[in-house]
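One structure below.
The values are calculated or read from the model by the stated rules, or taken from the named source; none is laboratory data. This structure is a prediction, so every number in the text was calculated from the model and none was measured. Counting neighbours? That spans all protein chains shown, and the Cβs are built from the backbone with ideal geometry, glycine included. Keep in mind that these areas ignore ligands, DNA and RNA; they rest on the heavy atoms of the full protein, side chains included. Shrake-Rupley method; radii C 1.70, N 1.55, O 1.52, S 1.80 Å.
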Amino acid sequence: MIRLAIVCPCYNEEEVLERSAERLRELIAQLSVKKKITPDSFVLFVNDGSRDRTWEIIRTLHDSDPEHFKGIDLAHNAGHQKAILAGMLAAVKTADAVVTIDVDLQDDIDAIEKMVDAYGEGYDVVYGVKVSRKADPAMKRLTAVTFYKLQRKLGVETVYNHADFRFMSRRVVEELAKYEERNLYLRGIIPMIGFRSTTVDDVITEREAGESKYTLSKMLTLALNGITSFSVKPIYSILSTGLIFVLIAIGIGIYVLVSLISGTAEHGWASLMLSVWFVGGIILLAIGVVGLYVGRIFIEVKRRPHYHIREELN
Ligand code: UDP
Ligand code: MG
């Protein structure tokens, strides 16, 4: 039997917290009756700098049942990935394994039992894989699937249709702690650690209350991290693009020469302007890609702490 910690990142989640806490406590009770996890397994809520009553609710939950509800209060909104990391690192101080799940419980909590079973069979990492995205809005589905495909093209190794609903044994979390990067993209790092892993089906449902806390800009940041932290292909592709442009330029040069010699030269303003803008655009684009990586290097070398814990309920 293992002591399991269920880690839930929470950002402005006052509307769903209590209901989710109750469902998770029931789950822990069921699994401990089945002797799969110890009765003192717990839920660890990470308050990610919420501006609503989230932390007060977590505190009340902890007061009512300190054995099963614990909490960490981050001093500012560090973001979903860092909130998860904070929770996992804190949880493995006392737990044998962790499951990370969004507090809105859109993921299938029944899959947690299967994850624990897989651990019993010798797997250290178990990924929840979305079998159907019907509950996701069409826009989200489209962007997510396009992103996964793009990632794969660029050589980033991830588990298809897996978002951070995942079981990890303590030793995997301890290995994860060795990764010092600031631009955190857990879905890319954890497969790199390389312990035995498997997947379980995750049937997602709609959010019961509240709105998505993943704004478009947060999603874009995550997507950029997911690519730039793992692939240097974009930066290399500048080189091949540049080469193609040089070839085109040589072609145009030949054409100009030929037309000059044959006396049909009639080159106007339009083509000139067009190429100036076109080439200028490409150069800017290329510099932009370089800037993207330089910016990330800048952030990485500072080695700033991921988060600051203001308070711990344990
Ligand atoms: N979340 C967080 N910090 C943030 C944004 C979101 O901890 O800055 C949490 C949020 O409370 C939830 C999870 O991350 O538990 C996923 O967010 P959400 O359900 O809003 O995203 P979606 O399911 O729409 O992708
Ligand atoms: Mg959600």
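Sort out for me the helices (runs of 4 or more DSSP H) sitting completely within the range 104-197 that have 3 or more residues that are buried (at least 18 other Cβ atoms within 10 Å of the Cβ). Passing ranges, in order: 111-120, 170-176, 186-193. Quick check on the range 5-13. Is at least one of its residues open to solvent by 10 Å² or more (accessible area, probe 1.4 Å), free of Cβ contacts under 8 Å to residues at least 12 places away in the same chain and either of a type in the set (Phe, Trp, Tyr) or assigned to a helix (DSSP H, G or I) (or both)? Scanning the range 5-13, I find no residue that is open to solvent by 10 Å² or more (accessible area, probe 1.4 Å), free of Cβ contacts under 8 Å to residues at least 12 places away in the same chain and either of a type in the set (Phe, Trp, Tyr) or assigned to a helix (DSSP H, G or I) (or both), so the answer is no.
Of note, Val99 satisfies the criterion of being outside any loop (DSSP other than H, G, I, E, B) and under 30 Å from Glu181 (Cα atoms).
Before we move on, is Ile204 more than 16 Å from ligand 1 (Cβ to nearest atom), β-branched (Val, Ile, Thr) and open to solvent by less than 70 Å² (accessible area, probe 1.4 Å)? No, not satisfied. Looking only at the range 86-143, residues that are within 16 Å of ligand 1 (Cβ to nearest atom), closer than 22 Å to Ile2 by Cα and free of Cβ contacts under 8 Å to residues at least 60 places away in the same chain come to 0 in all. So, in the range 207-248, of the ones that are among the aromatic types (Phe, Trp, Tyr) and modelled with pLDDT under 90, which residue ends up most open to solvent (accessible area, probe 1.4 Å)? Per the criteria, the residue is Tyr236. Scanning the range 108-140 for residues that are within 16 Å of ligand 2 (Cβ to nearest atom) and under 16 Å from Arg25 (Cα atoms) yields a count of 3. Which members of the range 14-57 meet the condition of being of a type in the set (A, V, I, L, M), assigned to a helix (DSSP H, G or I) and more than 25 Å from the chain's Cα centre (by Cα)? Selection gives Leu27, Ile28, Ala29, Leu31, Val33, Ile57.
Here Ala78 meets each of (1) away from ligand 2 (no atom under 16 Å from the Cβ); (2) part of a loop (DSSP other than H, G, I, E, B); (3) surrounded by fewer than 20 Cβ atoms within 10 Å (Cβ to Cβ); (4) within 23 Å of the chain's Cα centre (by Cα) with one exception, condition (3).
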